[in-house]
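Only one structure is covered here, and it is reproduced in the block below.
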Amino acid sequence: MATRSESAPRVRIDAGELSRGVARLGAEIAADYADRNPLLLGALKGSFIFLADLVRAIDVPCEVDFIMAASYGAGTVSRGSVDIDHLPSGSAVAGRHVILVDDIVDTGRTQRALIDTVRKLDPASIGTCALLVKNGSAHKRSGLRIDYRAFDAPEGFLVGYGLDLAERYRNLSDLCVLPDDDETHVKR
Ligand code: PRP
């Protein structure tokens, strides 16, 4: 937890609300992908809690795999490039209906890099899913489409429910914002 009380993360979307949002999303995906056995591809690390809850809200057959994507590193500002690692094999993706799952879309760089990478593996289709989408952010200008979103992202630097600041706070059950007086972060 934060070392100074004034820097404690403040709850923006509590665990109950997160759970209801994820359940809604899971029902939508189940309805759209019934009989298609979608492959949900979670972008590590941020999506690990969201994806774990999401698959349990999808009551049709589906499969799970992961892909490593990082653009923030230990810092708080995107480096502007996305490192992709730990790809599923081409044979695991070819012909499959893939849904890319991420915790948050901000600039959209990560989602675009994931789409470009997965497209080369010859899937039958690629869908996009995020727990949070920053409204008015750069991803819109680039025409990036997010097919499934649970929430518009609250303002501020968000942590908890998988989201981190330099690997900290991922374990919080609620989605929180770091207060402005925390000099260790800048807005993302
Ligand atoms: C975060 C987050 C998204 C991405 C969103 O990942 O999990 O993947 O940034 O930002 P963008 O839309 O501007 O690309 P990060 O690089 O912090 O790695 P992490 O998932 O391991 O936390």
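What follows is calculated from the coordinates using simple rules that are stated; it is not laboratory data. No experiment lies behind these values; they were computed from the predicted model shown. Cβ atoms come from the backbone with ideal geometry, glycine included; neighbour counts cover every protein chain shown.
Distance between the pseudo-spin-label points of A124 and A8 (7 Å out from Cα toward the beta carbon): 5.0 nm. Subtracting the Cα-Cα distance of D32 and A94 from their residue separation scaled by 0.36 nm leaves 20.3 nm.
The stretch 20-45 and the stretch 84-132 have Cα centres lying 13 Å from one another.
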